[in-house]
Structures are given as C-alpha cells and as structure tokens.
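Each reported figure results from applying straightforward, stated rules to the coordinates on display, with no laboratory input. Keep in mind that this is a model prediction, so the values were computed, not measured. Note that we place each Cβ from the backbone using ideal geometry, even for glycine, and neighbour counts take in every protein chain shown.
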Amino acid sequence: MKKGDLKYDAFVSILHEELVPAMGCTEPISLAFVAAKAREVLGCLPDSVEVGGSGSIIKNVKSVIVPHTGGMKGMEAAAAIGIVAGKSDRELEVIADVSETQIKEMHDFLDNVPIKVYHQNSGLVFDIVVKVSKGDSYAVVRAANNHTNIVHIEKDGEIILDLDPAAEGSEQQTDRFLLNMKDIWEFINDVDLDDIRDILEIQIKYNTAIAQEGMEGNWGANIGKTLIKTYGNDVRTRAKAYAAAGSDARMSGCELPVVINSGSGNQGITVTMPVVVYAEELHKTEEEKLRALALANLVSVHIKTPIGVLSAYCGAVSAGAGAGAGVAYLLDKDYDEVCSAVTNAISAISGIVCDGAKASCAMKIVNGIEAGIFGADMHKNGQDFVSGDGIVGTDIEQTIANVGKLGKEGMEGTNEEIIEIMVGGK
C-alpha cells in the first residue's frame, strides 16, 4: 500500500482521528464538554441547569469518578465541573486544568444551583443535551453520536447551529467501514512511520504513565496489582496487569490523561499495554513496536465500527482482540496467526456485557486480553474455531460483521435491560 493511495491516506486519518487524548472516562467528560460549551454560549454561570442523557450515557456516567471533583460520581458532578471550570476548546481534555479553587467553586455550585437530570429518550444511543439558564436567558447545547459532535446550539430562541442528530457520523470523519484485515495488514507493514509516529508515541507515553500509576497507587479494586501478586511477573501476566492497572486508576478518577481508541480510554489502554510489555520482553525494535501498535489500534477500531460507539457489547472484547493481534505480530509477524487471534477471541467472549464505566472494567480488560493472546496460542498449536462454530463466519470479515450485528442489533434489548437495572433500581 503506497502513500497517496486512497486507503493509505484514510488509514492514517483514522489513526489521527481515533487516537486523541482524554482526561477521565469519555462519557462524563463528553457531558462536561457539552456543559462547558453551554455555559460559554450563555456567557455566565447559570442559576439552573437541565441535563438530558440517553440511557447509555446515563449508564456510563453513573458509577465512574469524575476527575477534579474530589471523588464525585454521576451526571450532576460531570455537568458541574464542566460549567464551573471547563474549557470546551480542549474537547475531551475539557477539565484537564482545574485549580483547587475551582473544585471548591464546583462544590458550592452544586450546593446552590439546582441540576435536573432526565432520560433523553430520543432513540439515539449517544445523546447529551444541556440547558443552562440565568434569569430569563438560556442556552442549549446538544451532542449526538460522538463525544464531541455538537449538533445543536441555541441561545434565547436563536438557533446558532442545527444539524440532524440522527445522521450517523454527522461529524466529518473518515469512513471506518473502509477497514478490513487484509488492507490493515498491508498498511501496517508498508506505512511510513513518520506519518503516525507522533500519535503512537503519545499513546505509549500517556497510557504507560497511567498504567504505572495504577500499579503503584491504590485505585479501584487494584486488579492490576492483584494479578501480579497472585500469578507472578511473567510477560503474559504483566501484559494484562498493566492494562488493568490503567483502568483501575482511570475509573477511580486519576487525573492523568489517556489516549483513547474507539472513543474509549479503557480500550485505548487495552490495545496499548500488551504491545508495550511484549515488545520490551522480546527486545523488539522501536519500528516493530510501533507497527504492532498501529495494527492493534486499527483492528480494534475495525471490530468496534459495526457495533457502534455505545452498546451492551463490552469494548474490552474488541480491544482485547486488537491487543492479541498486536502481540501475535510481535511474536511471529504471521498474517494467519493475527487473524486467528482475532477470530478465536471474539467468537469466544463476545457475550461480555457493558454495564457502565466502573471498577470492574479492569477485570473485563484482563479477560479480553487473555482471549486475544490465547487466540494466537491456539493457532500456533494448530487449533482454531471454524465456520459454523457459533458466530464464526466463512472468513474473518464475516465473523467481524456477525459480531457487529450481535452487538448493535442483537444486544439492543440487553442494553435497555441493563440501563433499567442500573437506573431503575432493580
């Protein structure tokens, strides 16, 4: 695949669009971003706030600690820190720079300003609406389908921006459906690394730092440290432990940024740390490490694309399969082994559900990575799941399409039931 070819340029663009820094779990940070934008449109601090979120937004914001809030969780905390201290031009780093004074101001704001939270039942999986008011003046900002995709801005009856919120991909991005395993394989072997080096190096730097913090500090359920304590320090355990530790810290409000994948910091950490750990263990060159990481990222995006940005399908599965692909590349650079790692992983553990962002995500990451690496081990030993084994298709592309249909359509009712359990108090 040559530089200047349509797919070459598209794959470079996809990596640049996907691998962006984020502070905190991306759903509450998206809410903080929309709230910050609403306050900026209003022009002052409001005296009342209304926050609407789709069920999947409420699910993913409910149980995760929002950075720079003093350990608070939930929609009100995410909206309040965005309103008081957010800078919307920073997008998913909207609350990266918050002072102690602003944290106090945020708590005072929560004590004195009513924030009404409601279910925005628009039929969209990803939907956030924030209305802020000061006296008779008000501003409304809405984001749909994507964490930073603002589709509506209104102030005092004047419509400033109004896009179709139901238009998937209304934010101008490269078509992810261009991805397929053969082209991804060709790309990562041919790509001029200078075209993607900067974003991959930042991904390694940021995600390694938060993984290290997770291993050293006391975060969440300490899944990463528990793995090492229980099973030792071999490369396979470290690959899972460091990814889990990054999630341990991130889900517990650690104020370090991550570089995301498929809109998720946990998925970004999951594809990164196994590649980093195995590359170091195997004494691979910097070039081999970066090519393996590009592969892991693109495979993860490819699997997640037909599923959609939010669903009942746990992203640790798609990201774990991507990680398995990256590790398989480092071990043997064999295309068939990479494909088998992906097929074997997603065909075995695609039943793991997403019940929101919280501490247990770290354990799901462990399972996703183990499935990805073991999927490669199966192929090495002459064993693979084949067409007709459950959701396994005639080839890897059909299998990925089957998983997409399962996650997007088949698990729609599952997602609604999960939301009802979490929000309805069952």
| field | Kirkwood Rh in Å, taken over all unlike Cα pairs in region 23-162 | value | 14.4
| field | Pairs beyond 19 Å (Cα-Cα), from Lys37/Lys155; Lys37/Lys59; Lys3/Lys284; Lys131/Lys408 | value | Lys37/Lys59; Lys3/Lys284; Lys131/Lys408
| note | Bounding extents of region 179-424 in its principal axis frame from Cα atoms, largest first in Å, are 45, 42, 35
| How many angstrom separate the Cα center of region 110-185 from the Cα center of region 279-347? | 30
| request: Take the alpha carbon gyration tensor of region 15-59, find the square roots of its eigenvalues, order them as a ≥ b ≥ c, and report rounded if a/c is under 1.5; if not, report prolate when a/b exceeds b/c, else oblate. | output: oblate
| Normalised by the number of residues in the chain, what is the relative contact order in percent for Cα pairs under 8 Å and 6+ residues apart? | 17
| task | Scan (1) 135; (2) 183; (3) 151 for the value of volume of the Cα convex hull per residue in Å³ calculated from this model and give just the label. | result | (1)
| query | If you plug each phi of region 202-219 into the Karplus form 6.51 cos²θ - 1.76 cosθ + 1.60 with θ = phi - 60°, what whole-Hz ³J(HN,Hα) values come out, in order, with x for Gly and Pro? | reply | 5, 4, 5, 4, 5, 6, 5, 5, 6, 5, 4, 4, x, 6, 9, x, 10, 10
| task | For Lys2, go through the lysines and keep the ones whose alpha-carbon is under 19 Å away, minus same-chain ones fewer than eight residues off. | result | Lys182
| Which aspartates and glutamates have a Cα less than 14 Å from the Cα of Lys405, not counting those fewer than 8 places away in the same chain? | Glu397
| query | Which value, in Å to one decimal place, does the Kirkwood hydrodynamic radius take for region 319-426 when every pair of different Cα atoms is included? | reply | 14.7
| Which value at 222 nm does the chain reach when only helices count, each DSSP H run of 4 or more adding -39,500 (n - 2.57), with the total divided by all residues and rounded to the nearest 500 deg cm²/dmol? | -17500 deg cm²/dmol
| said: For region 23-162, what does the relative contact order come out to in percent, with C-alpha contacts under 8 Å and a separation of six or more? | reply: 33
| message | With θ taken as phi - 60° and the coefficients 6.51, -1.76 and 1.60, list the Karplus ³J(HN,Hα) couplings across region 68-83 in order, rounded to whole Hz; mark glycine and proline as x. | response | 6, 10, x, x, 7, 10, x, 4, 4, 5, 5, 5, 5, 5, x, 5
| task | Report, in cubic angstrom per residue, the convex hull volume of the C-alpha atoms of region 378-426. | result | 108
| request: Quick one: which residues, 5+ away or cross-chain, put their amide H under 5 Å from the amide H of Val151? H built at 1.01 Å from N. | output: Arg142, Ala143, Ala144
| message | If amide hydrogens are placed 1.01 Å from N in the peptide plane, which non-local residues have theirs closer than 5 Å to the one on Tyr313? | response | Cys354
| Magnitude of the charge dipole, the chain, Cβ model with Lys/Arg +1 and Asp/Glu -1, debye to 20 | 1000
| Hey, which lysines would be in cross-link range of Lys229, C-alpha to C-alpha under 20 Å, not counting anything within fewer than 8 residues on its own chain? | Lys240, Lys364
